[in-house]
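Worksheet: the structure to be examined is printed underneath.
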Amino acid sequence: MRGRPATDVLALPLRLHGIELGRPTDALVEPESRRILGFEVTCGDFVQRFVPFSVVDIRADEIALGSALTLIDDRDLDFYRRRSRPLGELGFVEPWVDESGVIHEARSAA
(Lines give C-alpha, C1' and ligand atoms only; values in the text may rest on other atoms or scores of the structure.)
Protein backbone atom coordinates (compact mmCIF):
# COMPACT_ATOMS: atom_id res chain seq x y z
CA MET A 1 0.00 0.00 0.00
CA ARG A 2 1.48 3.30 -1.07
CA GLY A 3 0.85 6.61 0.57
CA ARG A 4 2.38 9.85 1.68
CA PRO A 5 2.40 12.11 4.71
CA ALA A 6 -0.76 14.17 5.04
CA THR A 7 1.35 17.31 5.51
CA ASP A 8 2.90 16.70 2.07
CA VAL A 9 -0.54 16.39 0.45
CA LEU A 10 -1.81 19.55 2.14
CA ALA A 11 1.23 21.46 0.89
CA LEU A 12 0.40 20.75 -2.76
CA PRO A 13 -1.28 23.37 -4.97
CA LEU A 14 -4.68 22.64 -6.50
CA ARG A 15 -4.31 22.96 -10.25
CA LEU A 16 -6.56 22.70 -13.30
CA HIS A 17 -4.61 21.90 -16.47
CA GLY A 18 -1.46 23.27 -14.83
CA ILE A 19 -3.08 26.52 -13.67
CA GLU A 20 -2.99 27.01 -9.92
CA LEU A 21 -6.48 27.63 -8.53
CA GLY A 22 -5.63 27.63 -4.85
CA ARG A 23 -4.11 25.85 -1.87
CA PRO A 24 -5.70 23.37 0.51
CA THR A 25 -6.11 24.65 4.04
CA ASP A 26 -7.41 21.41 5.53
CA ALA A 27 -8.68 17.94 4.74
CA LEU A 28 -12.20 17.06 5.86
CA VAL A 29 -12.32 13.48 7.11
CA GLU A 30 -15.26 11.15 7.78
CA PRO A 31 -14.34 10.13 11.36
CA GLU A 32 -15.58 6.53 11.37
CA SER A 33 -13.99 5.40 8.10
CA ARG A 34 -11.05 7.85 8.45
CA ARG A 35 -11.47 8.58 4.74
CA ILE A 36 -10.87 12.05 3.33
CA LEU A 37 -14.10 13.47 1.93
CA GLY A 38 -12.26 16.36 0.35
CA PHE A 39 -10.20 19.46 0.84
CA GLU A 40 -11.05 22.95 1.95
CA VAL A 41 -9.23 25.22 -0.47
CA THR A 42 -8.47 28.91 -0.43
CA CYS A 43 -8.63 29.97 -4.05
CA GLY A 44 -6.81 32.80 -5.81
CA ASP A 45 -9.82 35.08 -5.31
CA PHE A 46 -9.48 34.46 -1.53
CA VAL A 47 -12.78 32.53 -1.42
CA GLN A 48 -12.90 29.30 0.57
CA ARG A 49 -14.16 26.35 -1.49
CA PHE A 50 -14.40 22.60 -1.18
CA VAL A 51 -13.16 19.98 -3.63
CA PRO A 52 -14.22 16.33 -3.15
CA PHE A 53 -11.40 13.80 -2.88
CA SER A 54 -13.13 11.61 -5.47
CA VAL A 55 -12.64 14.18 -8.26
CA VAL A 56 -8.94 14.92 -7.78
CA ASP A 57 -5.75 13.13 -8.71
CA ILE A 58 -3.01 13.45 -6.10
CA ARG A 59 0.24 13.73 -8.05
CA ALA A 60 3.83 14.26 -6.98
CA ASP A 61 3.67 18.04 -7.44
CA GLU A 62 -0.04 18.92 -7.41
CA ILE A 63 -3.60 18.05 -6.61
CA ALA A 64 -4.95 17.87 -10.14
CA LEU A 65 -8.53 18.82 -10.84
CA GLY A 66 -10.28 17.79 -14.07
CA SER A 67 -12.96 20.49 -14.05
CA ALA A 68 -13.49 23.76 -12.21
CA LEU A 69 -17.17 22.80 -12.00
CA THR A 70 -16.29 20.37 -9.21
CA LEU A 71 -15.25 23.19 -6.86
CA ILE A 72 -18.02 23.76 -4.33
CA ASP A 73 -18.67 27.29 -3.08
CA ASP A 74 -18.34 28.31 0.55
CA ARG A 75 -22.13 28.53 0.99
CA ASP A 76 -22.41 24.77 0.34
CA LEU A 77 -19.29 23.86 2.33
CA ASP A 78 -21.31 23.52 5.56
CA PHE A 79 -22.94 20.36 4.19
CA TYR A 80 -19.51 18.66 4.19
CA ARG A 81 -18.38 20.25 7.45
CA ARG A 82 -21.42 18.78 9.27
CA ARG A 83 -20.54 15.27 8.05
CA SER A 84 -16.82 15.39 8.73
CA ARG A 85 -14.09 16.72 10.95
CA PRO A 86 -10.93 18.59 10.03
CA LEU A 87 -7.90 16.30 9.97
CA GLY A 88 -6.17 18.36 12.67
CA GLU A 89 -8.97 17.65 15.15
CA LEU A 90 -8.70 13.86 14.91
CA GLY A 91 -5.57 13.54 17.03
CA PHE A 92 -3.36 11.67 14.57
CA VAL A 93 0.39 11.90 15.12
CA GLU A 94 2.15 12.36 11.77
CA PRO A 95 -0.76 10.98 9.70
CA TRP A 96 -0.31 9.67 6.20
CA VAL A 97 -2.80 9.20 3.40
CA ASP A 98 -3.09 6.06 1.30
CA GLU A 99 -4.10 6.07 -2.37
CA SER A 100 -7.79 5.70 -1.55
CA GLY A 101 -7.79 8.65 0.85
CA VAL A 102 -7.78 6.74 4.14
CA ILE A 103 -5.82 8.37 6.98
CA HIS A 104 -3.36 6.19 8.92
CA GLU A 105 -1.06 6.76 11.86
CA ALA A 106 2.61 7.41 11.10
CA ARG A 107 4.48 4.47 9.67
CA SER A 108 7.20 2.89 11.77
CA ALA A 109 10.78 3.35 10.65
CA ALA A 110 11.45 -0.29 11.55
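The values are calculated or read from the model by the stated rules, or taken from the named source; none is laboratory data. Everything numeric here is computed off the predicted structure, so don't read it as measured data. Heads up, the Cβs are rebuilt from the backbone with ideal geometry, glycines too, and the neighbour counts pull from every protein chain shown.
Yes/no matrix, rows are residues, columns are (1) of a type in the set (Val, Ile, Thr); (2) assigned to a strand (DSSP E or B); (3) surrounded by 11 or more Cβ atoms within 10 Å (Cβ to Cβ):
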| position | (1), (2), (3) |
| --- | --- |
| 49 | no, yes, yes |
| 57 | no, yes, no |
| 64 | no, yes, yes |
| 69 | no, no, no |
| 75 | no, no, no |
| 80 | no, no, yes |
| 93 | yes, no, no |
| 103 | yes, yes, yes |
Report whether or not residue 36 is surrounded by 12 or more Cβ atoms within 10 Å (Cβ to Cβ), in contact (Cβ under 8 Å) with a residue 60 or more places away in the chain and under 18 Å from residue 5 (Cα atoms).
yes
Pairs please, first residue from region 82-101 and on the phi > 0 side of the Ramachandran plot and modelled with pLDDT of 95 or more, second anywhere and surrounded by 13 or more Cβ atoms within 10 Å (Cβ to Cβ) and of a type in the set (Ser, Thr, Tyr), Cβ atoms under 6 Å, 6+ apart in sequence or on different chains.
none
Do you know which residues across region 34-48 are at pLDDT below 95, out of contact with any Gly (no Cβ under 7 Å at 6 or more places or on another chain) and of a type outside the set (A, V, I, L, M, F, W, C)?
45, 48
